Structures are given as structure tokens and as C-alpha cells.
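Written out below as C-alpha cells is the structure these notes cover.
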Amino acid sequence: MLLRQGMRRLAFIAVVLLAGLASNELSAQTAACRAACDRDYGDHPGRFSACVNQCPRTRPQARPQPSYSGGSSTDWNYCGSDTLGTSEERIRRCTSLIDSNLSPEDLATAYINRAQEWDSLKDFTNAIADYSEALKLKPNDQDVIARRAAVFRREGDHDRAINDYNLAIRLAPTAENYQIRCYGRAAANRDLELALADCVQALRLKPNDAATLQSRGFVNFRLERLDDAMADLDTALRHKPGLAPALFIRGLIKLKRGDATSGNADLAAAKTIEGDIADVFARYGLAPVAAATPAVAPPPAAAPAPAPAPVPPTAAADCAFSEVHWKSVETIGSVAAYLDHLKRFPNCAFADLARMKIEAMKK
């Protein structure tokens, strides 16, 4: 009898330990996934939320888990949910909890959850206020600091965003934190050599990271080092097709160089992925401009104009038809159709999207 009880006790302890290990591993995966979502979609609350919803589910990382020190369970269910009710309803439930008698830990949780809802509605002022209240209760919480920094950046308050990134790096000098400060400085168009150093450090910690290459490409674009910027952006898109900021910046560079066809195709591809990306970059002071066309002196009046020489087809000319072909491919939606598009237009803007679709359909 004693032997059986001892065996049962050992089995129970083993289950608890394994569960704890699994939970820790899942929490680490969720944290890494959330960091990737912020890198790729930090300027787009809706897409950021959709990305986070695909991360491994550990509620303490996605939304803090309360200890239920006060308030109704129904209010907590809504306030801690991504799906129950509308954002307005979830805000009302969180407000009810904030107005009740909660422990400091649970009060911080309610503020964080409400801030996320304000952020999803692009009410940046209230989101920042709630994150700041949470930080009064949980000083030096890296996750809350990073969330507030992202809202500052989306709002266009680059000074306070970079201050928060500085604090995040002091608390956790990770590749992700160096990368987002690099991108934040590029968005602000300041301290660009320091931004490059941030990206270099991020790449030392995490080599060939697509988000960091995209950020370094953005910095090089700001510095007018267009060849370096193109190299970084092309490499980032090879590692991770469908990075909308990389496509958008590459389109700006192509327009700057006079390649209107390919540049506009990149911009169109970026907008297909993130519909409001032009608005985001406009807040950074960047907007597409018409490609420069070199002036051609008219021929002398007395001399007849020479007959134009036939123009051989070029990659840019081919790309002029890629968007039309892409629309038909999207309608068909088969692997064969995407492969056909890649074969016809391997170097045009929608090629990266085609590769991404093919990879997704093969899984």
C-alpha cells in the first residue's frame, strides 16, 4: 500500500514538473511571437492584433491573467478577451473593474487590457494613459514599456517612443529591442548612425533576421545610401516575402531612380498587404513622388525627326503587365497559377507574394 502511494505521489510530481516545463517553453514561444508581430505590424493595430491571435496561447503573455481580487467574473471574462463583445463593450467592462476595489496587480492588468482596446481603436491618447497607469503599478515591466513605445511611435511622438525603447534595452538588451529602436530612429529620421549601430548589434545577436535587415534598409534609405538600402531590402524580402514596409521603401527608391513601373508595382504590392501603409509612412514624412523623367531637347525645326528605333523588351516593361496577371492569378488561387506567375515575372513586385502563397499552400 505504502509503495503504491509513493509511486502515485512521484507520478503526480512528475506531471507537475513536466507541465511547468511545457508552460515555460510555451511562454517563451509566445513572447518571441509577440515580438515578431510588433516588428512586422507595430504600426497597424488591427494587423498586430490578428498576428498576436495566431501566437501560442498563454494568457499571461497575450493579456495578463488576473488573480480575481475583486470585480465580477463576467467583467473579467470580457476585459481579458480578444473576441467577446465589441471593443467598446470590453472597454466598459475594464472600466468597471478599474473603478472597483482591486489588488495593485489586478488593477494593472485591467489597465493593460483596456489600453489594448484603446490602441485597436487608434485612440492613442487613452492607450498611452492606461499603459502609464499600469507602469505606476508595475515599474520596469518590459512588456508594458514596449507596448507603450509602439503606441508612441504610431502616434508620431518619436521622442517618447525612443525613450521607452532605451529603457526596454536597459532592462532586456535583446535583438528584438535593438531592432525596434533601429526602426524607431529611422521613422523619426534622427540619430541615423546610432540607428545603424542598433541594427548591427541586433544582427550580431540574431543573424539574417528579416525585420532587422528591413530596418537597416530603412536607415540606409534615410541616409541616401540607396545601393545599400536596396541590398538590405531585397535580402529581407528573400528571407520573408510579404514584408510590406520593405516593399514600400523599395518602391520609393525605384521611383527616386526613375523606374516608375517597377516602383509603383512595389507600392501596390505593399498596399495589398497593409492597406494603410501609405498613411503610416506619410506620418514619417515620406510619400511617393512621380518618377523623374529626363528632359529631351527637341530636334531642330529644319531637320526631320529621325524614326524611333525599336525598343527591346526589358524587365521593367515586363513588370508593367505583372499587376494585371496577378489579379487573374488571385482569382484562380492555385499553386500552378502562382508558379506560372513566378515563371513569367520572376523579378517583379508580386513575385514575393507569389512565393509566400506557394509556401503557405504547401504546408
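The values are calculated or read from the model by the stated rules, or taken from the named source; none is laboratory data. For clarity, every value in this text was computed on a predicted model and none was experimentally measured. All Cβ positions, glycine included, derive from the backbone under ideal geometry; neighbour counts span all protein chains shown. Just so you know, the surface numbers come from the protein's heavy atoms only, side chains and all, with ligands and any DNA or RNA stripped out. Shrake-Rupley method; radii C 1.70, N 1.55, O 1.52, S 1.80 Å.
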*Give me the Kirkwood hydrodynamic radius of segment 159-220, using the inverse of the mean 1/r over all pairs of distinct Cα atoms, in Å to one decimal.*
11.0 Å
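Per residue, how much accessible area does segment 185-248 show when a 1.4 Å probe rolls over the protein heavy atoms, in square angstrom? Don't skip to the answer; put the middle values down first.
On the way: 2500 Å² over 64 residues.
Here the residues of segment 185-248 average 39 Å² of exposed surface.
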*Compare the peptides 205-213, 262-270 by average per-residue count of other Cβ atoms within 10 angstrom and give them in order, highest first.*
262-270, 205-213
*Shape of segment 130-281, Cα gyration tensor, a/c cut at 1.5*: prolate
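Summing +1 for each Lys or Arg and -1 for each Asp or Glu, what net charge is found among the other residues whose Cβ lies under 12 Å from the Cβ of GLU330? Walk me through the intermediate numbers first.
Values: positive: LYS327, LYS357; negative: GLU323.
Value of the local net charge: +1.
Could you compute the net charge surrounding GLY251? Neighbours are other residues with a C-beta less than 10 Å from the C-beta of GLY251; K and R count +1, D and E count -1. Walk me through the numbers before you get to the answer.
Details: positive: ARG250, LYS254, LYS256, LYS271; negative: ASP259, ASP266.
Residues near GLY251 contribute +2 overall.
Report the full-extension gain for the segment ASN163 to ASN101: residue separation times 0.36 nm, less the Cα-Cα distance, to one decimal in nm. Each step should come with its number before you reach the end.
Values: separation 62, 0.36 × 62 = 22.32 nm, distance 3.26 nm.
Residue separation times 0.36 nm, minus the Cα-Cα distance, leaves 19.1 nm.
Looking at this model, which pairs from LYS240/LYS271; LYS122/LYS357; LYS271/LYS327 are more than 22 angstrom apart at the alpha-carbon?
Working: LYS240/LYS271 17 Å; LYS122/LYS357 30 Å; LYS271/LYS327 14 Å.
Among LYS240/LYS271; LYS122/LYS357; LYS271/LYS327, the Cα-Cα distance tops 22 Å for LYS122/LYS357.
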*asked:* Let's test the formula: R0 of 51 Å, r as the Cβ-Cβ distance of LEU121 and ARG344. What FRET efficiency results, to the nearest 0.05?
replied: 0.75
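From the square roots a ≥ b ≥ c of the eigenvalues of the alpha-carbon gyration tensor of segment 97-141, which class results: rounded (a/c under 1.5), prolate (a/b over b/c), or oblate?
Working: a/c = 2.52, a/b = 1.48, b/c = 1.71.
The shape class here is oblate.
How do the peptides 239-248, 90-99 rank, highest first, by the average count of neighbouring beta carbon atoms within 10 Å per residue?
Details: 239-248: 23.5, 90-99: 20.2.
In descending order of packing, they fall as 239-248, 90-99.
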*asked:* Can you compute the radius of gyration and Dmax for segment 79-181, using only the Cα atoms, both in Å?
replied: 13.8, 40
